[in-house]
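Below is one structure, written out as structure tokens; comments come after it.
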Amino acid sequence: MNSGDLIDGRFRLRDRLGAGGMSVVWRAHDQVLGRDVAVKVLSPALARDTARLAHIRDEARAVARLRHPNIVEVYDYGEAGGLPYLVMEVAEGRTLAQLLTGGPLPWETAVVITAQVAAALAAAHERSVVHRDVKPANVVVSGARVKLLDFGISAVSGDDDHFAGHLLGTPAYLAPERLEHGVVRPATDVYALGLLLYRALAGRQPWAASTATEMVRAHRYQEPHGLPPVAGLPAEVARLCRRCLSKDPDQRPDAASAAATLAAAVSLDPAILALPGKAPARVPDRPARPAATVAISTAPHRRLLVLSGVAVLAAGSAAAVTLLPHSPTHVAQAAVPAAAPAPSLSLSVVVKKPECTVGFVVATADGRFTTKVNVANTGDVPIPAASLTFTLPAEQRLAAGAPGVWRQKGRTVTSRITDLAPGHDHTATVRGTSRGTSAPPRDFHLDGTTCRVALAVAQAAPAAAQSAPAAVPEPKDPPAPPAAEKKPKKTKPKDAD
């Protein structure tokens, strides 16, 4: 397939986003609904395997039922020219693997990102879907959300964990119990989540292993090194990391509990995690933080992360963290008279107000900027079509925006967005000129509602196109264990990551 090809008379291929051993991912335009999508076309060799094709169809149905703000949505499945394909949401932004190239992240940043990954896993596990390939390359910081990508090798909890003699996954993130023939278990995703958290905090894996064989041996036989000292890191986060990395899957927390613990460590708004019926656990030895707003500018050569009121300005591996408190929000309560002189009662009426959050990714290069803006309805009431306004830095001028019509007057940019039901969001792209700054926009409003900044990334170069992660089988020849320990079973390799 090539750029410009039309799939099923509907999806026009545009740019190749990445490729792996099992598929190629394209950015395409849906000519029916008028939106950009990601189209994942599976390999011809895979299409000829009828057993695997049926397995992939079943998995596509399972993943298509997942609805969570931290999971990339699957829209459709089809076959074109004998090749099966998936149509998915396009996840804009930078992968966690890219963010980690500068070393460990500030602990607040690492915790907020990992909390959202844990929330995505909790939603999948609730539907009995196990991801099986949780790793930094499959986590994208995108607009107001962190997105978990690529459920291409996901499976239903309780199914056989091996397929056609292969163990699918990435050697660096394989739970030890996966190295034996067993069933698919959600606890294996939690193990990978612990490795994700460890690497984000420490900048490395919890053991020295440079080859796939060494990684396999470490998962089975080596206890992970403790986290290095991290200033300000709550003890609960370090304990959670150790529990997630337990060799015994029954000793690991479930993904929802992990998400709640991580959220409590940074006082993350529960609405961001969308964990129905599960309030974040309180951290007993750490006072709760006040809510916060963000007003940040950054030099072009630095990286800015704003995560739920925690502003992180990073240059290389060094970082400064600042909290910007504001006055607390007051919630009106219905008032009932203490004593009623008559049989009737008088109740004050409480009208719920709209609530919204925004996130953005700002990229600047060669005197131009591109900003991906995401607006989410985090309240309980619908937001009708509204005017979105925000303020650009003085050094930036609007050139174009999409979708819709965009205008700039002074430093204020205005556009209209569609209706937003509770839990839904809207993403737009704004382009313009910049005089040497990657400062983010600010003062976001939907008509009369002020939107809270939940997550932002500003960078001095355009976001790199995400690669399509490949499903990777277990390496062929894991080394023999010590004489006193059980020898792991050999599995047939397919690929390496």
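General remarks:
- Scanning the range 201-220 for residues that are at pLDDT 90 or above, hydrophobic (A, V, I, L, M, F, W, C) and in contact with a Leu (Cβ under 8 Å, 6 or more places away or on another chain) yields L201, A202.
- Checked against the criterion of being closer than 18 Å to L96 by Cβ and either surrounded by fewer than 23 Cβ atoms within 10 Å (Cβ to Cβ) or touching a helix residue (DSSP H, G or I) at 6+ places or on another chain (Cβ under 6 Å) (or both), the candidates A259, A212 yield just one match: A259.
- Residue within the range 156-166 that is of a type outside the set (A, V, I, L, M, F, W, C), in contact with a Gly (Cβ under 7 Å, 6 or more places away or on another chain) and at pLDDT below 85 present: yes
To keep it simple, each residue is scored yes or no on (1) surrounded by 20 or more Cβ atoms within 10 Å (Cβ to Cβ); (2) touching a Lys or Arg at 6+ places or on another chain (Cβ under 7 Å); (3) among the small types (G, A, S).
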position: I7; (1), (2), (3): yes, no, no
position: R10; (1), (2), (3): no, no, no
position: L13; (1), (2), (3): no, no, no
position: V32; (1), (2), (3): no, yes, no
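- In this entry, V134 is excluded by the filter for residues that are in a strand (DSSP E or B), assigned by TED's automatic domain parsing to the domain that holds V266, out of contact with any Cys (no Cβ under 9 Å at 6 or more places or on another chain) and closer than 23 Å to R94 by Cβ.
- Residue within the range 40-55 that is outside the structural domain of P403 (by TED's automatic domain parsing), within 29 Å of T429 (Cβ to Cβ) and of a type outside the set (A, V, I, L, M) present: yes
- Some residue of the range 410-428 being at pLDDT 85 or above, over 16 Å from C451 (Cβ atoms) and surrounded by 14 or more Cβ atoms within 10 Å (Cβ to Cβ): yes
The values are calculated or read from the model by the stated rules, or taken from the named source; none is laboratory data. Since the model is a prediction, treat every value here as computed from it, not as a measurement. Don't worry about glycine lacking a Cβ; one is built from the backbone with ideal geometry, like all the others, and counts go over all protein chains shown.
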